[in-house]
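Notes to accompany the following structure.
The values are calculated or read from the model by the stated rules, or taken from the named source; none is laboratory data. Computed from a predicted structure; not experimentally measured. Because the Cβ atoms are built from the backbone with ideal geometry, glycine has one as well, and the counts that use them run over all protein chains shown.
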Amino acid sequence: MRTAAISCLTLIALSAGATTALAGTAQRAEFGRMPDGRVVEAITLTNDAGMTVRVIALGAAIQSVMVPDRDGQMADVAIGYATLDGYLAMPEYFGATVGRVANRIAGGRFELDGKTYQTPVNNGPNALHGGTAGFDKVLWEVVEIESGDAPSVTLRYVSPDGDQGYPGELTTTATYALNDANELSIDYRATTDAPTVVNLSNHGYWNMAGDGATAGALGNLLTIPAEEYTPTDATAIPTGEFRKVEGTVFDFRTATAVGDRVRDASDEQIVFGRGYDHNWVISRERSAEPRMIARLEDPVSGRTMELISDQPGVQFYSGNFFDGTIVGKSDRIYRMGDAVVLEPQMFPDTPNQPAFGSVRLDPGQTYRNHMVFRFSTTPRR
């Protein structure tokens, strides 16, 4: 009987240990303080596989994503700053939640129910990512953190009526979760008390070779399963055309190195954007089920990221405006092509282009943009 009791206790202990080993963690700490003294929290999510993601409350932004290569060597694949000072001095949308309306609005103007609204112009003649004080530049409230099989953090920001010229009070939440399959999910939700427009996304900068890698991200292989993209005018506003990618430098239906055609000035669109800064048309409307909309791989390390979303478009930006004035986490200067951005969203300037769909949100409705970044490795070739 004593032996049986000891065996039973051993099994219980082993079971408890297994449960503990499988539990991911969510830990909060101070990342810095705003000029007015408010604390900016950092929440670090860690899964059982050892992958970690750090989210900061300023801009509800991804600050770090540590993932292994095919040999188990960890590297940070998210570009950004080591301290809060950088995010305050030169934000650059590093890893940030962008809104109310991600991407561009022509002239910063749109019409809703017969009334014209003006948002701040902050990108040439146009509004970009919500205006001069968009969601990337505000301090979000940390409302919930959870440890367990998929550690997570939920942040909230209440944008008042008239904020940056947008109508209606908008309550937005951003939930980051990390599971043991090395999948980082972001779930954006928003509700309003008056008709408004909403198009949220995440502006993470990625380099699968790792932050500070000598060759930057130009050697990353990119796949975008889209047959069309939306060409723009010289100010980066879509012309309204849906143009085929076949036979152009915009064809990423098979994996192609980011740097292969990024400086091909034979295409006027590359000249306009100083590289890629365009919307690829995954579909003409939101999908009923999430699907892969982009894939990024570093063939040297094997690190791979698949982006899964139900959004109809993905904006691919090749880091064209890094000019050597920014020093990142690795104490290296960021140059053109050192990282790329892949933003699942509605098409740019949708509020002014009915053929692109609608970003209208009414009281009683809930806006949602759910995306998953799935990290893995490829075998040595």
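Do we have Ala75 as within 23 Å of Lys329 (Cα to Cα), surrounded by fewer than 18 Cβ atoms within 10 Å (Cβ to Cβ), modelled with pLDDT of 95 or more and in contact with a Lys or Arg (Cβ under 8 Å, 6 or more places away or on another chain) here? No: the conditions fail for Ala75.
Give the stretch 297-316 a look and list any residue that's aliphatic (A, V, I, L, M) and more than 16 Å from the chain's Cα centre (by Cα), or say none. Correct list: Val300 only. If you take the residues of the stretch 118-157 that are of a type in the set (D, E, K, R) and under 22 Å from Gln315 (Cβ atoms), which of them is surrounded by the most Cβ atoms within 10 Å (Cβ to Cβ)? Once the filter is applied, the top-ranked residue is Asp136.
With the condition kept exactly as written, say whether any residue in the stretch 172-187 is touching a Pro at 6+ places or on another chain (Cβ under 9 Å), acidic (Asp, Glu), in contact (Cβ under 8 Å) with a residue 60 or more places away in the chain and within 21 Å of Asn369 (Cα to Cα). There is no residue in the stretch 172-187 that is touching a Pro at 6+ places or on another chain (Cβ under 9 Å), acidic (Asp, Glu), in contact (Cβ under 8 Å) with a residue 60 or more places away in the chain and within 21 Å of Asn369 (Cα to Cα). Selection of the stretch 213-264 for residues being assigned to a loop (DSSP other than H, G, I, E, B) and among the small types (Gly, Ala, Ser) yields Ala213, Ala215, Gly216, Ala217, Gly219, Ala226, Ala234, Ala236, Gly240, Gly247, Ala255. Scanning the stretch 94-117 for residues that are part of a loop (DSSP other than H, G, I, E, B) and buried (at least 17 other Cβ atoms within 10 Å of the Cβ) yields Phe94, Gly95, Gly99, Arg100, Ala102, Asn103. Just one of the numbered conditions (1) over 21 Å from Val67 (Cα atoms); (2) touching a strand residue (DSSP E or B) at 6+ places or on another chain (Cβ under 7 Å); (3) outside any loop (DSSP other than H, G, I, E, B) is not true of Val271: (2).
Scanning the stretch 76-89 for residues that are more than 18 Å from the chain's Cα centre (by Cα), over 15 Å from Thr44 (Cβ atoms) and not β-branched (Val, Ile, Thr) gives Leu84, Asp85, Gly86, Leu88, Ala89. Pro91 falls short on exactly one of the conditions (1) of a type outside the set (A, V, I, L, M); (2) modelled with pLDDT of 95 or more; (3) assigned to a loop (DSSP other than H, G, I, E, B); (4) over 23 Å from Gly302 (Cβ atoms), and that condition is (2).
Results for (1) buried (at least 19 other Cβ atoms within 10 Å of the Cβ); (2) not hydrophobic (A, V, I, L, M, F, W, C), shown as yes or no for each residue.
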| residue | (1), (2) |
| --- | --- |
| Asp163 | yes, yes |
| Ala213 | yes, no |
| Gly219 | yes, yes |
| Ala226 | yes, no |
| Arg243 | no, yes |
| Val249 | no, no |
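Residues that are assigned to a loop (DSSP other than H, G, I, E, B) and out of contact with any Leu (no Cβ under 9 Å at 6 or more places or on another chain): does the stretch 48-65 have at least one? Yes, there is a match, as at least one residue in the stretch 48-65 is assigned to a loop (DSSP other than H, G, I, E, B) and out of contact with any Leu (no Cβ under 9 Å at 6 or more places or on another chain). Of the set (1) at pLDDT 95 or above; (2) more than 19 Å from Arg54 (Cβ to Cβ), all apply to Ala215 but (1).
Among the conditions (1) at pLDDT 95 or above; (2) surrounded by fewer than 16 Cβ atoms within 10 Å (Cβ to Cβ), the only one that Gly50 does not satisfy is (1).
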